[in-house]
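The next block holds one structure in the form of structure tokens; read it before the comments.
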Amino acid sequence: MEQEKFLSYINKSKSLTEESLEEVQKLTIDYPWFAGGWLLYLKNLKNINHQDYDTVLKKVAARVPDRKVLFKYLNDQLTDKKPAFAEENTLSGYSLEGDVELQSEHSLIDKFLSSDTSRIGMNKTSLETHGAESDKLHIDESVKEDEELVTETLASIYFQQKNFNKALEAYKKLSLKYPEKSVYFAGRIEEIELLKNNN
């Protein structure tokens, strides 16, 4: 399909008839991951009230990146029609006129980025009051181990690291926490005590 013909189908979807169906279908076969081709094919099926419309709609809904644009295109609700060729050196030779939402999102982001960002972040007075003492407290809290958090994996890691005291404590807590496995934990405790006494 030629580029001009494709663009005319996109911009004037009423020109999609039974004669154009085979050509648009060939586009989807030749380029199965081209979402624009699938949009045209689906719109063509809708225009001629084809029986395959519902099955193709399910496929296209999964392939099209923005279902809002798909809905608007199928229901002729796209606004702010622009010429397809904005510049000669565009990467994609077409546009789907549904970019109004994208423009508003970008303008919101641009507005935020251009606004005064001095109110974001900590001011100097709060940095001075939160000096080295506050940092040390945060460091101490982050390194402190939680006594309640004991798992069999953690006890095994302590044992593998030859940290026998912590491994013993962990297995004792686990035997209280899981009484159904207390025999297994008692065996591990005896093994650790033997290794601890030999070293």
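The values are calculated or read from the model by the stated rules, or taken from the named source; none is laboratory data. No experiment lies behind these values; they were computed from the predicted model shown. Every residue, glycine among them, receives a Cβ derived from its backbone with ideal geometry; neighbour counts consider all protein chains shown.
Just a few scattered comments:
- Applying a threshold of 6 Å to beta carbon distances and a minimum spacing of six or more residues, or different chains, the list of pairs starting in the stretch 151-162 at a residue that is free of Cβ contacts under 8 Å to residues at least 40 places away in the same chain and under 14 Å from residue 173 (Cβ atoms) and ending at one that is surrounded by 15 or more Cβ atoms within 10 Å (Cβ to Cβ) and of a type in the set (Phe, Trp, Tyr) reads 155/171.
- Of the helices (runs of 4 or more DSSP H) lying entirely inside the stretch 17-76, those containing at least 1 residues that are under 17 Å from residue 2 (Cα atoms) are 18-30, 35-47.
- Some residue of the stretch 15-36 being within 35 Å of the chain's Cα centre (by Cα), among the aromatic types (Phe, Trp, Tyr) and surrounded by 17 or more Cβ atoms within 10 Å (Cβ to Cβ): no
- Selected residue (only one of 165, 197 is in a helix (DSSP H, G or I) and modelled with pLDDT under 90): 197
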